[in-house]
Amino acid sequence: MRKNKKEDNNLNPEEENNKENESSEESSEQETESEVQPMVALSIDEYDGLQKQIDQLQSQVDEYLDGLQRERANFANYKKRIDQESVNTYNNALSDLVKNFLYISDDLERALNNRPADSESTSWVNGIELIHQKLLSSLETHGLERMKSSPGDEFDPKQHEAVTHEDNPDYENGQIIEVLQPGYQINERIIRPALVRVAK
């Protein structure tokens, strides 16, 4: 026993390292062997039963995934519909509000078309004209646009509303004779068609 101890003491450093490495490898092999799980033998019926359970679980996963995707699509469509309804509600409210001011604009325009000829009323007429321009400018900031309609243009039922159809030697059938009231639109949406006289 003393002899072995003495022999160990006489080992050089390289031999000691080799011995330690061998001990470490033996320990690692023992640990690996202890960690290996034992194989479980299954009968064909047991294997088929497990496979059936796996198939059922996979089917449930596919079903839940499909349901989730449908719900996400339904929610996206719902959000788009709500957003569009909000835009439509805003546009309808804006159109109704603007229409009320258009009646005032029409009255001011008719007054300006029948302005007095005397020079004493010039400053008064200029003031009314300035108010009219400010009103239209304010409405234009909300997207209001006056549609262009002139005598000689073709009647368009999408943009015009015919007050009369009458014979006129100066115009062909379907042409506008006179624009009685201008038409307006907001963001390419007609809120009021132009009132016109049409030749037949």
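Condition check ((1) of a type in the set (K, R); (2) part of a loop (DSSP other than H, G, I, E, B); (3) touching a helix residue (DSSP H, G or I) at 6+ places or on another chain (Cβ under 6 Å); (4) buried (at least 16 other Cβ atoms within 10 Å of the Cβ)) across all residues:
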| residue | (1), (2), (3), (4) |
| --- | --- |
| P157 | no, yes, no, no |
| V163 | no, no, no, no |
| Q185 | no, no, no, yes |
| L195 | no, no, no, yes |
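Is it fair to say S95 is touching a strand residue (DSSP E or B) at 6+ places or on another chain (Cβ under 6 Å), within 30 Å of Q175 (Cβ to Cβ), in a helix (DSSP H, G or I) and touching a residue at least 12 places away in the same chain (Cβ under 8 Å)? Outline the logic, then answer.
Details: touching a strand residue (DSSP E or B) at 6+ places or on another chain (Cβ under 6 Å): yes; within 30 Å of Q175 (Cβ to Cβ): yes; in a helix (DSSP H, G or I): yes; touching a residue at least 12 places away in the same chain (Cβ under 8 Å): yes.
Judged against the criteria, S95 is a match.
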Of L102, L112, the only residue that is under 24 Å from L195 (Cα atoms), surrounded by 12 or more Cβ atoms within 10 Å (Cβ to Cβ), outside the structural domain of K200 (by TED's automatic domain parsing) and without any contact (Cβ under 8 Å) to a residue 24 or more places away in the chain is L112
Out of curiosity, is L42 modelled with pLDDT of 55 or more and either in contact with an Asp or Glu (Cβ under 7 Å, 6 or more places away or on another chain) or not in a helix (DSSP H, G or I) (or both)? yes
Scope the range 118-143; condition surrounded by 11 or more Cβ atoms within 10 Å (Cβ to Cβ) and either in contact with a Gly (Cβ under 8 Å, 6 or more places away or on another chain) or among the hydroxyl-bearing types (S, T, Y) (or both); matching residues: S121, T122, S138
Return yes when S149 is among the small types (G, A, S), touching a residue at least 40 places away in the same chain (Cβ under 8 Å) and within 20 Å of L195 (Cα to Cα) and no when it is not. yes
Odd one out for A117, checked against (1) among the aliphatic types (A, V, I, L, M); (2) over 30 Å from N91 (Cα atoms); (3) within 45 Å of the chain's Cα centre (by Cα): (3)
Quick one: in the range 180-200, of everything that is among the aliphatic types (A, V, I, L, M) and in contact with a Lys or Arg (Cβ under 8 Å, 6 or more places away or on another chain), which residue is nearest to N92 (Cα to Cα)? I191
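So if I check each of E166, E172, E129, E140, which one is at pLDDT 90 or above and within 33 Å of the chain's Cα centre (by Cα)? Give the derivation first.
Values: E166 fails: within 33 Å of the chain's Cα centre (by Cα); E172 fails: within 33 Å of the chain's Cα centre (by Cα); E129 fails: within 33 Å of the chain's Cα centre (by Cα).
After applying the criteria, what remains is E140.
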Please go through the range 122-170 and pick out each residue that is more than 30 Å from A93 (Cα to Cα) and in contact with a Lys or Arg (Cβ under 7 Å, 6 or more places away or on another chain). V125, T164, H165, E166, D167
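The values are calculated or read from the model by the stated rules, or taken from the named source; none is laboratory data. Keep in mind that this is a model prediction, so the values were computed, not measured. Ideal geometry is used to build each Cβ from the backbone, glycine not excepted, and the neighbour counts take in all protein chains shown.
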